[in-house]
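To keep things clear, I will list the structure first and then write my remarks on it.
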Amino acid sequence: MSDTCATIEFDMEPISKAQRTALAYQAWIDGNGKLSMQKAAAMYGIGYSTLRSCINGAIPKAEASQAMQRLSVGEEEALQDWLLHLASWGWLLRIDQLRGMAMELLQCKGDTKELGIHWTSYFLQRYPALKTKFVSGLDKERALA
């Protein structure tokens, strides 16, 4: 008989860094001084400085930067819902559709300034469920093959 432990693999989605930080913070609180910040951070795979900042009351970067975004969280979630509905109906999603609808929302608010070059990639980072839904054009090399 072997002394090694069996490992169990689960089919679960990875936990975001914000969720792991919250779990590490809660574990540190529940430890009542018996669990160090370093051990709590290591248990949940986050940096010690991240946990220390959380304990000291720092606001996560994603929350702090929301005020600088031109579309509100609700408007971005409405965009996500619209795109997911289109995908569920079998429509192919294109980046220009996303940018066009975002510009429509901004124009309704009186904002006529063009979206930034990297807005689409940052939007897809904030809403990763959409990343796989978009269709890209066929590469010229693949078309000729």
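Taken over the range 107-123, the criterion of being in contact with an Asp or Glu (Cβ under 9 Å, 6 or more places away or on another chain) and either part of a helix (DSSP H, G or I) or at pLDDT below 90 (or both) is satisfied by PHE123 alone. Taken as a whole, the condition of being at pLDDT 90 or above and not polar (S, T, N, Q) does not apply to ALA18. Note on the range 124-137: residues that are modelled with pLDDT of 85 or more and in contact with a Lys or Arg (Cβ under 9 Å, 6 or more places away or on another chain) total 2. The listed residues are ALA24, ALA40, and the only one of them that is closer than 27 Å to TYR127 by Cβ, of a type in the set (Gly, Ala, Ser) and touching a Leu at 6+ places or on another chain (Cβ under 7 Å) turns out to be ALA24.
Restricting attention to the range 48-86, report how many residues are surrounded by 14 or more Cβ atoms within 10 Å (Cβ to Cβ) and not in a helix (DSSP H, G or I). Qualifying residue count, the range 48-86: 4.
The values are calculated or read from the model by the stated rules, or taken from the named source; none is laboratory data. Not measured: the values here are computed from a predicted model. Heads up, the Cβs are rebuilt from the backbone with ideal geometry, glycines too, and the neighbour counts pull from every protein chain shown.
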